[in-house]
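Visitor: I'd like to ask some things about the structure below.
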Amino acid sequence: MDFSLPPRVADAVGKVRKLFETDVLPLEAELLRRKSFKAILPELAAARQKVKAAGLWAPHVPVEWGGMGLSLTEHARISEELGKSPLGHYLFGCQAPDAGNMELLLAHGSPEQKEKWLKPLAAGDIRSCFSMTEPDLPGSNPTWLGTTAARDGDHYVINGRKWFTTGAEGSAFAIVMAVTNPEAPPHLRASQIIVPTDTPGFRIVRNVSVMGEPGEDWASHAEVDYENCRVPVSNLLGPENAGFFLAQERLGPGRIHHAMRWIGIAERAFDMLCRRAAERPMSPGKRLADKQIVQGWVAESRAEIDAARLYVMHTAWRIEKEGQHEARDAVSAIKFFTADVLTKVLDRAVQAHGALGLTDDTILAWLWRHERGAHIYDGADEVHKVSLAKRILGRYGVKDAK
Ligand SMILES: Cc1cc2nc3c(=O)[nH]c(=O)nc-3n(C[C@H](O)[C@H](O)[C@H](O)COP(=O)(O)OP(=O)(O)OC[C@H]3O[C@@H](n4cnc5c(N)ncnc54)[C@H](O)[C@@H]3O)c2cc1C
């Protein structure tokens with residue numbers, strides 16, 4: 001396997017790094033200083049224009065829809081670079097959950113849906129959200145949903161309560177998972193339906209405060225009430241009752257994007273850990289870097305990040321060569337493996353900074369607050385561990401593991 005970068009990707013990585021120095025990191029410092037995503041929206045919009053002018057917009061989107069048209073493995077490398085700042089993916093037009101929604105629309109949208117929703121979404125003119133998780137039922141069991149979409153003539157009428165709908169504030173539409181056939185077997189009950197956020201009955205109850213931050217705009221997670229939300233049947237995405245399968249499909253490439261973003265964060269934290277170790281005097285003539293415990297953190301972090309990167313890149317390569325189904329063990333494994341590496345390295349970097357690591361004078365505390373969720377979203381780690389173990393044990397004849 002050769003993971004060396006094709007020239008156009010190497011060139012893009014170089015350009016991304018330059019834009020990070022000139023635009024992304026200064027904007028990140030502004031975000032930390034002003035503690036408001038909304039406050040820096042005009043600067044973010046200007047920086048997005050620069051990204052577009054540099055030909056780096058929406059790396060994962062096909063060229064005909066205005067993106068760079070990179071393959072999964074190619075975008076994986078860019079995603080790592082962008083992950084080095086919490087603003088990276090947003091500024092380059094490939095942030096969650098829009099990136100996944102674009103992929104859903106590309107694969108399953110009707111020509112009208114693509115024209116109306118994908119076009120402005122891919123151009124960055126609008127944002128979107130994905131509304132699946134509910135406060136009262138386990139998100140870990142996506143076949144069990146309380147939200148319903150009842151057919152009424154040419155319309156669906158949607159009722160239910162969702163939460164952790166990332167970026168709902170300011171979104172133009174939501175893709176909602178709702179039960180359309182309650183009598184069917186669990187995997188065939190729900191559908192994905194596009195709900196414009198100006199539909200009467202769509203109401204953001206609140207932005208849920210996460211680790212002390214209610215968040216704003218794209219950088220928020222909302223509780224959303226759907227009360228008699230009436231949308232035309234033509235807003236159905238893909239076939240009726242195929243919502244679960246569409247959600248599964250959304251996860252494969254999405255997992256690669258996430259995992260490489262986490263590796264980018266881990267690399268940033270690792271760099272900060274090493275700098276701090278090299279610079280921090282601990283006693284006359286001795287630096288933090290002279291402590292063997294810290295040397296252990298450095299060595300272990302290097303090995304763990306590199307192992308995680310190889311695993312994720314290999315998984316992306318397998319998805320491309322063999323398909324998502326064949327690669328499904330690895331798709332499960334990279335979720336919890338990479339999340340673990342991320343939080344371990346991040347925690348060591350915070351620790352090496354002492355009290356400074358807990359302040360907002362560096363990006364570390366922000367990353368720690370926001371990335372603890374890596375073990376929970378995109379399927380809780382345990383869900384992936386259990387399903388991987390069951391598949392493996394199934395090959396050993398264990399067919400009924402609970
Ligand atoms: C930052 C963030 C952003 C999110 N964005 C979105 C979004 O945009 N749209 C959306 O729909 N949802 C989103 N979510 C929700 C996310 O998908 C759910 O939180 C996740 O699926 C877990 O569901 P739950 O919170 O209901 O936990 P539960 O399902 O109640 O699980 C609780 C815990 O139980 C354990 N557990 C679960 N299953 C098993 C098992 N089989 N074996 C052993 N232990 C198990 C795990 O430790 C898990 O953390 C987001 C969450 C976070 C944190």
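Visitor: Looking for whichever is hydroxyl-bearing (S, T, Y), under 25 Å from L367 (Cα atoms) and surrounded by fewer than 22 Cβ atoms within 10 Å (Cβ to Cβ) here; the options are S140, S71, S79, S131. Which one fits?
Guide: On the way: S71 fails: under 25 Å from L367 (Cα atoms); S79 fails: surrounded by fewer than 22 Cβ atoms within 10 Å (Cβ to Cβ); S131 fails: surrounded by fewer than 22 Cβ atoms within 10 Å (Cβ to Cβ).
Going through S140, S71, S79, S131 in turn, the sole match is S140.
Visitor: So which residues in the range 266-305 are farther than 14 Å from L342 by Cβ, touching an Asp or Glu at 6+ places or on another chain (Cβ under 9 Å) and in a helix (DSSP H, G or I), if there are any at all?
Guide: Within the range 266-305, A277, L288, A289 meet the criteria.
Visitor: Ok, one more. Of the residues L82, L70, L105, only one is over 21 Å from V51 (Cβ atoms), touching a residue at least 60 places away in the same chain (Cβ under 8 Å) and in the same structural domain as W57 (by TED's automatic domain parsing); which? Don't jump to the end; show me each part of the working.
Guide: Values: L82 fails: over 21 Å from V51 (Cβ atoms); L70 fails: over 21 Å from V51 (Cβ atoms).
Going through L82, L70, L105 in turn, the sole match is L105.
Visitor: Here's a check for you: in the range 190-202, which residue that is part of a loop (DSSP other than H, G, I, E, B) and not charged (D, E, K, R) is farthest from the ligand (Cβ to nearest atom)?
Guide: Keep residues of the range 190-202 that are part of a loop (DSSP other than H, G, I, E, B), which gives 197-201.
Retained after the next criterion (residues that are not charged (D, E, K, R)): 197, 199-201.
Values: T197: 14, T199: 18, P200: 22, G201: 19 Å.
In this case the residue turns out to be P200.
Visitor: Which ones in the range 351-363 are assigned to a helix (DSSP H, G or I) and surrounded by 20 or more Cβ atoms within 10 Å (Cβ to Cβ)? Steps first, answer last, please.
Guide: We begin by selecting, within the range 351-363, every residue assigned to a helix (DSSP H, G or I); these are 351-352, 354-358.
Of everything in the range 351-363, those that are assigned to a helix (DSSP H, G or I) and surrounded by 20 or more Cβ atoms within 10 Å (Cβ to Cβ) turn out to be A352, G357.
Visitor: For the range 125-146, indicate whether the set of residues that are outside any loop (DSSP other than H, G, I, E, B) and charged (D, E, K, R) is non-empty. Before you say what the answer is, go through the steps one by one.
Guide: Step one: of the range 125-146, the residues outside any loop (DSSP other than H, G, I, E, B) are 128-131.
Imposing the further condition that a residue be charged (D, E, K, R) reduces the set to none.
No, there is no match, as no residue in the range 125-146 is outside any loop (DSSP other than H, G, I, E, B) and charged (D, E, K, R).
Visitor: Is at least one residue of the range 326-343 in a loop (DSSP other than H, G, I, E, B), in the same structural domain as H257 (by TED's automatic domain parsing), in contact with a helix residue (DSSP H, G or I) (Cβ under 9 Å, 6 or more places away or on another chain) and more than 15 Å from the ligand (Cβ to nearest atom)? Reasoning before the result, please.
Guide: Applying the first criterion (in a loop (DSSP other than H, G, I, E, B)) to the range 326-343 yields 326-327.
When the remaining residues are screened for being in the same structural domain as H257 (by TED's automatic domain parsing), the result is 326-327.
If we keep only those that are in contact with a helix residue (DSSP H, G or I) (Cβ under 9 Å, 6 or more places away or on another chain) too, we end up with 326-327.
Imposing the further condition that a residue be more than 15 Å from the ligand (Cβ to nearest atom) reduces the set to 326-327.
Yes: the range 326-343 contains one or more residues that are in a loop (DSSP other than H, G, I, E, B), in the same structural domain as H257 (by TED's automatic domain parsing), in contact with a helix residue (DSSP H, G or I) (Cβ under 9 Å, 6 or more places away or on another chain) and more than 15 Å from the ligand (Cβ to nearest atom).
Visitor: Taking the range 172-189, which residues are closer than 22 Å to P232 by Cβ and outside any loop (DSSP other than H, G, I, E, B)?
Guide: Going residue by residue through the range 172-189, those that are closer than 22 Å to P232 by Cβ are 172-182, 189.
Answer for the range 172-189, where residues must be closer than 22 Å to P232 by Cβ and outside any loop (DSSP other than H, G, I, E, B): F173, A174, I175, V176, M177, A178, V179.
Visitor: Please tell me if T165 is within 12 Å of the ligand (Cβ to nearest atom), assigned to a loop (DSSP other than H, G, I, E, B) and within 24 Å of the chain's Cα centre (by Cα).
Guide: On the way: within 12 Å of the ligand (Cβ to nearest atom): yes; assigned to a loop (DSSP other than H, G, I, E, B): no; within 24 Å of the chain's Cα centre (by Cα): yes.
Criteria not met by T165.
Visitor: Quick one: would you say L121 is at pLDDT 95 or above, within 16 Å of the ligand (Cβ to nearest atom) and under 21 Å from E216 (Cα atoms)? Talk me through it step by step, then tell me what you get.
Guide: Numbers: at pLDDT 95 or above: yes; within 16 Å of the ligand (Cβ to nearest atom): yes; under 21 Å from E216 (Cα atoms): yes.
Taking the combined requirement at face value, the residue satisfies it.
The values are calculated or read from the model by the stated rules, or taken from the named source; none is laboratory data. Because the structure is predicted, anything quoted here is derived from the model rather than measured. For neighbour counting, all protein chains shown are included, and Cβ atoms are generated from backbone atoms with ideal geometry for every residue, glycine included.
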